[in-house]
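Below is one structure, written out as structure tokens; the observations come after it.
The values are calculated or read from the model by the stated rules, or taken from the named source; none is laboratory data. None of the values given here were measured: they were computed from a predicted structure. Note that each Cβ is placed from the backbone with ideal geometry, even for glycine, and that neighbours are counted across all protein chains shown.
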Amino acid sequence: MHLHDLPPEILTAILEEAATLNQRLGPTFTYGMSQTPLPGEKAKLQRYIRGPIGTDMLRWDAVTPLRQVCRAWHEWALNHALRDVYIRRWRGSEKWAELPQRRQRYDFYELITQLSGLPVYADPFCSLRQTQSLFATYPSIAEKVRRLCFHGHYHAETSTQIMSILASCTYVTTVSVPWILLRHGSATDWTRVLKSSDPEQSLQSLDLQAVCLPGKQVSEPSNALDLRPLHDPSVDFSQLRRLKLFGNTTFMPVCDSDLLAIARTATGLEEFHLTCLSTVTLEGVFAIVEASRSTLRVLDHSPRSNDGFFHPHPGTLPSDQHICDLLTSCPKLRDVSISVPSLCPELFASENVQWQGDCQIRATGLCTTTTSADGSGGAIRPKGTKQAISVLKRVLSQARELIAARKRHHVDLYIEIFFASCIFEPSQSRVHGDFALAEIASSGLWPREKSGSSKGPYGSTGLYEKDEGDWDVVSEDDFFAGIDGGLIRLA
């Protein structure tokens, strides 16, 4: 039997296995040198492993032999290798003479004992420019791409090239681009990218990455261009299923007005992630939540800053809206991680929610369960008052009841509450925090029992590279006893 007479599923499995073996046997790391010698200098160079080769490059290398067999295998190899495409900016301006351009020849490179280096300029935007030319010249190749990721391209010129590449990839479903495209791209560009008029080819996932630009780029007049595409009625996000905003910037950042404009048509989102971004408040976040209330499954609102545990203030909602009611009214919401200005027991009062897995709630204050004449809830500043203690106890008790209710439905729910510089574990009735000063003030009489905590200060709290000392874990009873004794303050 000829190999091509096999069922397509079996032939595909054979080719995938061959590609996997080629990838395993081929080079997976690229090399560099310690330095390049200056003219007239005799510097001894040392070879070192610079880093792993990207997965997209590994797939391309793995199918190179297969592409040369026949047309059918060539088409399969293109579909396999070009499914995910990553276009990065070149970050160096030096190369070395002996390092071959073809990674298949790395075995010979490793045999060279006398190394020499030559400074050679490399165009940092070469890959972006060549990809644009390739996809524009051969549309059939661009049609193979399903996922596109761009990194390091923050100029007005590169934004135009990125939009051209996205327009060429008619079947792309997942895109990760710099946030600056929300400013440099026109309404026509974004309409072509989203393709909302064609549900079968529409964009499903959009990631927007933000970084702080150097002063030279910020001062460039061309970069200050803002075409305001989101405010054009033709830009439609109704077919988008996943939206993620990541990273902070001070140059034309994503803000509430942008999310309000997106929420106008984003009625079918299933996942919404907002991480390490402090320029968006709850007004923008809950505009998205309300627009996609019936479909939203994942909500990740973690506006972490460099301060780690001390997140930026998440902002407030209008007086006629209550955060707890909005969250519990999403019928399909299951994964929750959110920062809120105030927290009340009502957040955990509904047993009809579909929450599961890890649920993280970060709050800066507590709110009452009573409502005023206009229907709004009043906030209590946590100053160790009896009222604040009573509300916190009810929050923890209600969280335990919700965990038990989900358990009765055979669903595991683990809740963490970040409040007052501590982490509360309602399921275990434990509190994690730095209680060293309280222990000293009590002359070692408090707490009655303690153990080491694995949650802080590094990791769950986000206090990276800060000398905060080890955290301890105490029981809730000990924690509230410490408050009653004036050893701990809810602040």
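Assorted remarks:
- The number of residues in segment 143-190 being part of a loop (DSSP other than H, G, I, E, B), under 22 Å from the mean Cα position of the chain (by Cα), modelled with pLDDT under 95 and farther than 17 Å from Asn223 by Cβ comes to 0.
Yes/no per residue for (1) in a helix (DSSP H, G or I); (2) modelled with pLDDT of 90 or more:
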| site | (1), (2) |
| --- | --- |
| Leu392 | yes, yes |
| Gln398 | yes, yes |
| Glu401 | yes, yes |
| Leu437 | yes, yes |
| Ile440 | yes, yes |
| Pro457 | no, no |
| Val473 | no, yes |
| Ala481 | yes, yes |
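- Boolean, Ser376 is at pLDDT below 85, farther than 24 Å from Phe480 by Cβ and surrounded by 15 or more Cβ atoms within 10 Å (Cβ to Cβ): yes
- Of everything listed in (1) touching an Asp or Glu at 6+ places or on another chain (Cβ under 9 Å); (2) under 22 Å from Pro233 (Cα atoms), the single unmet condition for Cys149 is (2).
- Selection from segment 62-73 of residues that are touching a helix residue (DSSP H, G or I) at 6+ places or on another chain (Cβ under 6 Å) and either closer than 24 Å to Ile87 by Cα or not in a helix (DSSP H, G or I) (or both): Ala62, Val63, Leu66, Arg67
- The listed residues are Val336, Val353, and the only one of them that is modelled with pLDDT of 85 or more, of a type outside the set (S, T, N, Q), assigned to a strand (DSSP E or B) and farther than 13 Å from Leu392 by Cβ turns out to be Val336.
- Restricting segment 356-368 to residues that are out of contact with any Lys or Arg (no Cβ under 8 Å at 6 or more places or on another chain) and over 20 Å from Arg297 (Cβ atoms), the residue that is modelled with the lowest pLDDT is Thr368.
- Total residues in segment 202-238, condition of a type in the set (S, T, N, Q) and over 22 Å from the mean Cα position of the chain (by Cα): 5
- Among (1) part of a helix (DSSP H, G or I); (2) farther than 18 Å from Pro229 by Cα, the one test that Asp123 misses: (1)
- Matching option when the condition is basic (Lys, Arg), modelled with pLDDT of 70 or more, under 19 Å from Ser140 (Cα atoms) and surrounded by fewer than 18 Cβ atoms within 10 Å (Cβ to Cβ), among Arg83, Arg88, Arg102: Arg83
- Count of segment 399-455 residues which are touching a residue at least 60 places away in the same chain (Cβ under 8 Å) and within 16 Å of Ile483 (Cβ to Cβ): 4
- Leading residue by the ranking (farthest from Thr364 (Cα to Cα)) among those in segment 474-491 that are hydrophobic (A, V, I, L, M, F, W, C) and out of contact with any helix residue (DSSP H, G or I) (no Cβ under 9 Å at 6 or more places or on another chain): Ala481
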